[in-house]
Amino acid sequence: MERRRWLKVAILICLFAVSSGRELKAKHTDHIPIYNHTLATILVEYASAVYMSDLTELFTWTCSRCDDLTEGFEIIELIVDIQHCLQGFVGVAKDLNAVVIAFRGTQEHSIQNWIEDLFWKQLDLSYPGMPDAMVHHGFYYAYHNTTIRPGVINAVKRARELYGDIKIMLTGHSMGGAMASLCALDLKVNHEAQDVQVLTFGQPRIGNAVFASYYSQLVPNTIRVVNEHDIVAHLPPYYPRFPQKTYHHFPREVWLYNVELGSLVYVVEKVCDSSGEDPDCSRSVTGNSISDHLVYFGIELMGETWRSCRIVMNPNIEKYGRTDLNGNFILSKDPAILKLNSHSNVGSNFV
């Protein structure tokens, strides 16, 4: 076992050594999304709420994480894939004048084990309709081949029937951020959604540079927030000398880091370049912190317990649900017709 561990270390050292040369530059759109701090602090609360295991409180939006900046949000559908330990919701936010879609991050019993596994993930799936674009099948599968996708698409369809071609905002943390990005791409390519915006937290890389180029052209309104030394944002590893087989972030990153001035500590929100792999942003530091991965803007992004896939639901809420043969289920309701504000300022600079 010890010999095997040292072999892994030796391989990593070699890979990092050969990756120090010329970098591959992915081609990205000229459209530059503008970072909106207020929008980020709102969406991080949605990314936190989706971790809640009490589905009754989440579905009725009465949970301990369902107030503050997200007060008044109304869920249309809550999708729970028991089989694959996945969860997401779709609803309407009056203050944002938008449909909000949030995906839960990993709920593995041990996040350390999940991170170790993520370090060794390989690109092994060609993305449909994008020549030479490759992604990891695990992230692709989590969105495309589970009950999550049909549940989300159905809820978006219902929202658009009520509100027209309403703005769609997607968010998620960790693997939830990867799923949010794949969902945004799906909505743009396959479902003719026009105004799609993505803002994720601690998102891992999900594809190669070719995929990143396609993505940034199709979903240009994307922001990835990375906190300090967040380990997951550095994974799977980036090796510039292997352009077809290395993972590559798509833009635009906003890197959060602390600056100390005497006894005061200031949080800097640095908007990075359009490469997706700005060497002066999170790549300028070592990604070695799990704690930086679990808290963004002072908001916890994790489940209440480490027990994998634990859920609680009041029997009275079951009338809103439908279940498949594998035990996966969707809680669904018709939303109240909210009077949306067509002049909402929140998120208006995230264009």
Of TYR214, TYR143, the only residue that is under 23 Å from HIS84 (Cβ atoms) and crowded, with 20+ Cβ neighbours inside 10 Å is TYR143
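Is it true that GLY172 is buried (at least 20 other Cβ atoms within 10 Å of the Cβ), touching a strand residue (DSSP E or B) at 6+ places or on another chain (Cβ under 6 Å) and part of a helix (DSSP H, G or I)? Outline the logic, then answer.
Numbers: buried (at least 20 other Cβ atoms within 10 Å of the Cβ): yes; touching a strand residue (DSSP E or B) at 6+ places or on another chain (Cβ under 6 Å): yes; part of a helix (DSSP H, G or I): no.
It is false that GLY172 is buried (at least 20 other Cβ atoms within 10 Å of the Cβ), touching a strand residue (DSSP E or B) at 6+ places or on another chain (Cβ under 6 Å) and part of a helix (DSSP H, G or I).
Among strands (runs of 3 or more DSSP E) lying entirely in the stretch 221-296, which contain 2 or more residues that are more than 17 Å from the chain's Cα centre (by Cα) and among the β-branched types (Val, Ile, Thr)?
It comes to 264-271.
Condition test on LEU182, is it outside any strand (DSSP E or B), in contact (Cβ under 8 Å) with a residue 12 or more places away in the chain and either touching a helix residue (DSSP H, G or I) at 6+ places or on another chain (Cβ under 7 Å) or within 20 Å of PHE119 (Cα to Cα) (or both)? Can you show your working first?
Numbers: outside any strand (DSSP E or B): yes; in contact (Cβ under 8 Å) with a residue 12 or more places away in the chain: yes; either touching a helix residue (DSSP H, G or I) at 6+ places or on another chain (Cβ under 7 Å) or within 20 Å of PHE119 (Cα to Cα) (or both): yes.
Answer is yes for this residue.
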Can you tell me how many residues in the stretch 185-220 are assigned to a loop (DSSP other than H, G, I, E, B) and over 22 Å from THR41 (Cα atoms)? 7
Just one of (1) among the charged types (D, E, K, R); (2) within 20 Å of LEU256 (Cβ to Cβ); (3) more than 17 Å from the chain's Cα centre (by Cα) trips up GLU192, so point out which. (2)
If you go through the stretch 29-64 one residue at a time, how many are under 25 Å from TYR215 (Cα atoms) and either charged (D, E, K, R) or touching a Cys at 6+ places or on another chain (Cβ under 6 Å) (or both)? 1
Provide a single number: the residues in the stretch 83-99 that are under 25 Å from HIS293 (Cβ atoms) and surrounded by fewer than 23 Cβ atoms within 10 Å (Cβ to Cβ). 2
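Quick grid of which residues meet (1) closer than 24 Å to ALA209 by Cα; (2) under 17 Å from the mean Cα position of the chain (by Cα); (3) in a helix (DSSP H, G or I):
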position	(1), (2), (3)
GLU77	no, no, no
GLY88	no, yes, no
ILE101	no, yes, no
THR106	no, yes, no
ASN113	no, no, yes
GLN122	yes, no, no
MET130	yes, no, no
PHE139	yes, yes, yes
ASN154	no, no, yes
Matching residues, the stretch 119-140, being surrounded by 19 or more Cβ atoms within 10 Å (Cβ to Cβ) and either on the phi > 0 side of the Ramachandran plot or not hydrophobic (A, V, I, L, M, F, W, C) (or both): TYR127, HIS136, TYR140
For residues that are under 15 Å from ILE148 (Cα atoms) and without any contact (Cβ under 8 Å) to a residue 24 or more places away in the chain, tally how many sit in the stretch 99-129. 0
Given the condition at pLDDT 95 or above, among the hydrophobic types (A, V, I, L, M, F, W, C) and out of contact with any His (no Cβ under 9 Å at 6 or more places or on another chain), answer yes or no: does some residue in the stretch 112-129 qualify? no
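Looking only at the stretch 54-75, which residues are in a loop (DSSP other than H, G, I, E, B) and under 24 Å from LEU182 (Cα atoms)?
Of the stretch 54-75, the ones in a loop (DSSP other than H, G, I, E, B) are 60-67, 71-73.
Result: PHE73, single match.
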Scanning the stretch 302-351 for residues that are surrounded by fewer than 14 Cβ atoms within 10 Å (Cβ to Cβ) and touching an Asp or Glu at 6+ places or on another chain (Cβ under 7 Å), which turns out modelled with the lowest pLDDT? SER308
Can you work out which of the residues in the stretch 261-279 that are surrounded by fewer than 22 Cβ atoms within 10 Å (Cβ to Cβ) and touching a strand residue (DSSP E or B) at 6+ places or on another chain (Cβ under 8 Å) is nearest to PRO236 (Cα to Cα)? ASP278
Being in contact with a strand residue (DSSP E or B) (Cβ under 7 Å, 6 or more places away or on another chain) and over 24 Å from MET302 (Cβ atoms) is the filter here, so list the residues in the stretch 177-204 that pass it. LEU187, LYS188, ALA193, ASP195, VAL196, GLN197
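The values are calculated or read from the model by the stated rules, or taken from the named source; none is laboratory data. The structure displayed is predicted, hence computed values, not measured ones. Don't worry about glycine lacking a Cβ; one is built from the backbone with ideal geometry, like all the others, and counts go over all protein chains shown.
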